[in-house]
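What follows is a single structure, written as C-alpha cells, with notes after it.
The values are calculated or read from the model by the stated rules, or taken from the named source; none is laboratory data. Note that this is a predicted model, so its numbers are computed, not measured. Methodologically, a virtual Cβ is constructed for each residue, glycine included, from the backbone with ideal geometry; neighbour enumeration extends over all protein chains shown.
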Amino acid sequence: MVRQAHADWASFYVDYCSLKQELKNAFVVGDLQGQNWNKMLSQELEKVNGFYLEKEAELQKQLKHFEENSEQLSTSQAFTQFCRVLEILRYYVVLNYMSIYKITKKRNKMLRGVKPINYLTVLIDQAFYTSIKLARITVKTELLALRVIPGNLNEQNFQCPICWDVLCNPVVLSCAHRFCWSCLSKTSERMQSCPVCRKDQQLDPLNFNIDWVLTEFLHQKFPHTREAIRTTEREGLIQQLEARACSLECACAPCIETPSVDTQPPVAAQPATPVESQIESRPKIQECKYSLLKRIGEGVFG
C-alpha cells in the first residue's frame with residue numbers, strides 16, 4: 001500500500017506502519033486495552049478526512065469552472081490534469097479503507113482480551129468512505145468530456161453491470177459504480193456491498209438517489225432507449241412496492257369491511273359468474289393495496 005500511494009500525498013494516507021508498531025508497543029507498556037492505539041487511529045482518520053474533504057472541495061470548484069468554459073476543454077491541459085487528480089483521489093479512498101480493514105483485523109488478532117472492532121463500524125462514520133460527492137464529480141466529468149471531446153459514444157460504457165442493458169434510472173454509489181435502480185434494489189435484498197468492487201455500504205432502495213444528470217444524458221444520446229427505460233423501470237418499481245406492501249396487510253386489517261349489527265337481512269341474489277366470484281372473494285385490503293401502488297408508480301415514472 002505504501003508503494004501504491006501517490007508520492008505527493010504520502011503523509012496524508014493512513015499510517016499503517018505506525019499503527020502496526022503501536023500494537024506491538026501495547027504489550028511492552030502494558031496497554032492491553034489498546035487505548036493509545038485507539039487515539040492514534042482517531043488521529044489518522046481525522047487527518048485523512050480533512051485532506052479528503054479539502055481535495056473534494058477543490059475538485060468540485062474546478063469542475064464548475066470547466067462546465068462554465070466547456071468550449072476550451074478539447075485543448076485544455078488543465079482539464080487533463082484535473083482528470084488525473086480525480087482518479088488519484090478515488091484510489092486514495094480505496095487505499096485508505098483497505099488500510100483500515102487490515103489494521104483492525106490485526107488489532108483484533110493481537111488484542112484478544114478486548115472487544116473486537118468491526119472495520120465497517122469505523123468506516124461508516126468517515127467522510128472519505130461515505131461521501132457520494134466524489135462519485136458525482138466523476139460522473140459529471142465523464143459526461144462533460146464526452147460532450148466536448150470528439151469521439152464515438154459506445155452503449156457498452158453505459159451498461160448496467162447486472163442486467164447488461166443501458167442504464168435505466170441510474171443510481172451511482174460512493175465507489176462511482178452505477179446500476180439500474182431496479183437491478184440494485186433487487187441486489188440489495190441479498191447483499192450490502194457494491195456488486196462490482198464489493199465495497200461495503202448500506203444499500204436501501206428508499207435512500208437511492210437517481211442521477212438525473214446522467215439520466216438526461218442517456219436520453220439525449222440514446223433516444224431509442226427512452227421509452228423502454230420508462231416502461232421497464234415503472235414495472236420494476238411496481239414490483240418492489242408490491243413486495244413491500246405485503247408486509248403492511250396485518251397493519252391494514254381494520255380496513256377490511258365487517259358486517260354491521262344493524263345490517264338488513266341479505267336479499268337473495270343471482271348466482272355469480274366465475275369472474276365475479278373471484279372479485280367478491282378478494283379482501284378489500286388487496287384492492288386498496290394495488291390501487292395505491294398503481295398511483296405511486298404512475299406518480300414517479302408516469
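Per the listing GLN81, GLN72, the residue uniquely under 22 Å from ASP8 (Cβ atoms) and not hydrophobic (A, V, I, L, M, F, W, C) is GLN81. In the set (1) exposed (fewer than 14 other Cβ atoms within 10 Å of the Cβ); (2) within 30 Å of the chain's Cα centre (by Cα); (3) within 26 Å of LEU143 (Cα to Cα); (4) touching a residue at least 40 places away in the same chain (Cβ under 8 Å), GLN4 fails one condition alone, (3). Residues in the range 166-199 that are outside any loop (DSSP other than H, G, I, E, B) and either polar (S, T, N, Q) or at pLDDT below 85 (or both): SER182, SER185, THR187, SER193. Residues of the range 10-57 that are among the aromatic types (Phe, Trp, Tyr) and either more than 30 Å from the chain's Cα centre (by Cα) or surrounded by fewer than 14 Cβ atoms within 10 Å (Cβ to Cβ) (or both): PHE27, TRP37.
Against the list (1) part of a helix (DSSP H, G or I); (2) within 29 Å of the chain's Cα centre (by Cα); (3) without any contact (Cβ under 8 Å) to a residue 60 or more places away in the chain, the condition ILE117 fails is (1). Considered as a group, the residues in the range 120-147 that are surrounded by fewer than 18 Cβ atoms within 10 Å (Cβ to Cβ) and not hydrophobic (A, V, I, L, M, F, W, C) include one that is nearest to PHE217 (Cα to Cα), and that residue is ARG147.
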